[in-house]
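To start, the structure itself, in C-alpha cells.
Coordinate-derived values only; no laboratory data. Source: prediction; values computed, not measured. All Cβ positions, even for glycine, are placed from backbone atoms using ideal geometry, and neighbour counts span all protein chains on display.
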Ligand code: G3I
C-alpha cells in the first residue's frame, strides 16, 4: 500500500523504528515496505558469529554487507546483532589447538591457557568486525542472552561462561570500545527483561561491570511479547530500573505472538478479527506508554516487518502467526492503525 502513513514518520520525534531482515528480503515488495515504514535495519541472521566467521580466519561479509548497503542507499541506520551469543556460534571457537573441547579440560594450567586462547579469538573477532562497520553501524549488541536465572550464579552456562567466567563479557565490551570509539553505542541484549529475577540479575551484572570500568552504554530489551504478557507496567519498571544506572534502553526484537506462552493451538489461515483487535489495543498501549515516557526508550526495532516472515511461525510449533503491524500480504493491520492513527479504528 502506498497511500498509507509511515510508522517511522509518525514516530520521527520519538525514536527510530527498525526491522530485522534477511538479505533476500531487500528487493520486491518487502523492500518497498521497508523503505516507506522504517528508518533502521538489523540483520535477523546475517551478522551472527556463524555467518561472519564460519572457520577461524575465514570472514564472509557478503550477506552482512548487502544489508548495510541497502540501508546506506536508503538513508537508514543499521544495528549490529550480535557480536557474542551462545547460539549460532561455530564450534571451532571452543576447541583447543589439539581439537579437544575446552570444556572437557580438567588440568588447571591447560584450562588457563584455553581461556586465554578463547579470549584472544574473541578479541580478534570483535576488533575485526567493529573496524569494518563502525562508520556505518552505531548501535551494537555486544553480548546476547548471557543471563539465565536458572543456571548457576544466574549466568547462562554456555561454553563462553564455562571456559572464561564473565571475562568474555568484559573482553567483548572493552575490545568493541577500543575498536569503535565513543561514537558507537554498546548494548547487553536479552529477552524476558521484564521478569524481576532476570531483570535484577542483569542489573547486578551490569552494575558490577560498570564499577570495573567496562564500557556498557545500554540494555537491549528483545520484547518478544504476547497478547497477555508481560504487562506494559512491568516493561516500564524494567526500563526505569536501568535508566537509574544511567543506561540507555532500546527495544530490539519487538513482536507480539497471538498465543500465550504454553498455548499450543493454531488459528489456521484466518485469524479471528477480535484477536487482531486485541493485538491492536495492546500495541497501542505499549506505544502510547513509550511516547508518554519520552526518552525512556530511545529506539524500537521489530523482529521482522510483515506476517509472512517470522521466527514465531515455527516456534514453539509450526502454526499461523501474525506478530507484526503488516499482514502476510503487506497490508496494514488493525495494529498498524493503532500505533499510527487510532481514530481509523473507532
Ligand atoms: O541457513 C540455514 C539453511 O541453509 C537451512 O537449509 C535451513 C534448514 O533449517 O536452516 C537455515 O538456518 C536457519 C536460520 O534461522 C536462517 O533461516 C536455522 O535453522 C534457524 O534456527 C535460524 O533461526 C533463527 C534463530 O534466531 C536461531 O536461534 C531465526 O531466524 C531468528 O529469527 C532468531 O532470532 C533470535 C535472535 O537472534 C535472538 N533473540 C531471539 C530471536 C528469536 O529466536
| message | For the range 89-112, give me each residue that is touching a helix residue (DSSP H, G or I) at 6+ places or on another chain (Cβ under 7 Å) and within 16 Å of the ligand (Cβ to nearest atom). | response | 89, 90
| said: For the range 315-322, check the following and say yes or no: at least one residue is at negative phi and touching a strand residue (DSSP E or B) at 6+ places or on another chain (Cβ under 8 Å). | reply: yes
| query | Counting only residues that are more than 16 Å from the ligand (Cβ to nearest atom) and under 25 Å from residue 236 (Cβ atoms), how many does the range 300-342 have? | reply | 11
| note | Residue count, the range 11-33, condition over 14 Å from residue 69 (Cα atoms) and within 16 Å of the ligand (Cβ to nearest atom), comes to 4
| task | Look at residue 170 and say whether it is more than 16 Å from the ligand (Cβ to nearest atom) and touching a helix residue (DSSP H, G or I) at 6+ places or on another chain (Cβ under 7 Å). | result | yes
| Here is a list of conditions, (1) within 20 Å of the chain's Cα centre (by Cα); (2) closer than 23 Å to residue 79 by Cα; (3) surrounded by fewer than 21 Cβ atoms within 10 Å (Cβ to Cβ), and residue 128 meets all of them except one; can you say which number that is? | (1)
| request: Check residue 307 against each of (1) buried (at least 21 other Cβ atoms within 10 Å of the Cβ); (2) touching a helix residue (DSSP H, G or I) at 6+ places or on another chain (Cβ under 8 Å) and name the one condition it does not meet. | output: (2)
| note | Scanning the range 101-119 for residues that are surrounded by 13 or more Cβ atoms within 10 Å (Cβ to Cβ) and farther than 27 Å from residue 47 by Cβ gives 105, 110, 111, 113
| message | I need a count of the residues in the range 311-341 that are outside any loop (DSSP other than H, G, I, E, B) and surrounded by 16 or more Cβ atoms within 10 Å (Cβ to Cβ). | response | 12
| field | Answer residue from the range 42-88, given it is touching a residue at least 60 places away in the same chain (Cβ under 8 Å) and more than 24 Å from residue 183 (Cα to Cα) and is nearest to the ligand (Cβ to nearest atom) among those | value | 86
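Yes/no per residue for (1) over 16 Å from the mean Cα position of the chain (by Cα); (2) within 30 Å of residue 312 (Cβ to Cβ):
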position: 150; (1), (2): yes, yes
position: 171; (1), (2): yes, no
position: 181; (1), (2): yes, no
position: 196; (1), (2): yes, yes
position: 210; (1), (2): yes, no
position: 216; (1), (2): no, yes
| said: I'd like the full set of residues that are part of a helix (DSSP H, G or I) and either free of Cβ contacts under 8 Å to residues at least 12 places away in the same chain or more than 14 Å from residue 93 (Cβ to Cβ) (or both), limited to the range 106-127. | reply: 108, 109, 110, 111, 112, 113, 116, 120, 124, 127
